[in-house]
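For reference, the structure is listed below as structure tokens.
The values are calculated or read from the model by the stated rules, or taken from the named source; none is laboratory data. Source: prediction; values computed, not measured. Virtual Cβ from ideal backbone geometry, glycine too; neighbours counted across all protein chains shown. Only protein heavy atoms, including side chains, enter the accessible area calculation; ligands, DNA and RNA are left aside. Shrake-Rupley method; radii C 1.70, N 1.55, O 1.52, S 1.80 Å.
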Amino acid sequence: MLGASTLIHGAVVRNSILHREVILEEGVELENCIVLDSVVIRRGAKLRRAIIDRYNVIPAGSRIGYDRDADGERYHVCDSGIVVIPDRESQRRPPRNVKNRNFTSDYSIFTA
């Protein structure tokens, strides 16, 4: 499945979903992947069983989803082996402070 404005330049895509404005350069191979908005995957990168969140640029020659230990050092790897690459913006934002969101911490209303 391909989203609007997605460009594929000599890449191979198998059993994958590409959202809008994704660019795949020459020699890219995707297998069983979900690629969200505005992602660029550079020349010769190979990805399998991966979810790539928006606004990421995957460097040329990258191999993601082939070596669980190497992937685990850089990204989150689920128990099932799926590699999750968060969006670049979320990696730069500080964690949200739940107290400022007006949530109650009084859980007594849930006890009998």
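Here is how the numbers come out for the structure above:
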{"quantity": "In segment 11-89, the GluC sites (Glu not before Pro) that fall in loop regions by DSSP, at most 12 other Cβ within 10 Å", "calculated": "Glu26"}
{"quantity": "Heavy-atom surface of segment 1-93, accessible at 1.4 Å and reported per residue (Å²)", "calculated": "59"}
{"quantity": "Shape category assigned to segment 1-95 from the gyration tensor of Cα positions, a/c cut at 1.5", "calculated": "oblate"}
{"quantity": "For Arg68, solvent-accessible area (1.4 Å; no DNA, RNA or ligand), Å²", "calculated": "130"}
{"quantity": "Proximal charge balance of Leu7 [Cβ under 10 Å; K/R count +1, D/E count -1]", "calculated": "-2"}
{"quantity": "Residue order for His9, His19 - accessible surface, 1.4 angstrom probe, largest first", "calculated": "His9, His19"}
{"quantity": "Percent accessible area from carbon and sulfur atoms, segment 17-81, protein chains only, probe 1.4 Å", "calculated": "44"}
{"quantity": "Solvent exposure, largest accessible area first (probe 1.4 Å, DNA, RNA and ligands not counted), of Asp67, Asp37, Asp79, Asp87", "calculated": "Asp79, Asp67, Asp37, Asp87"}
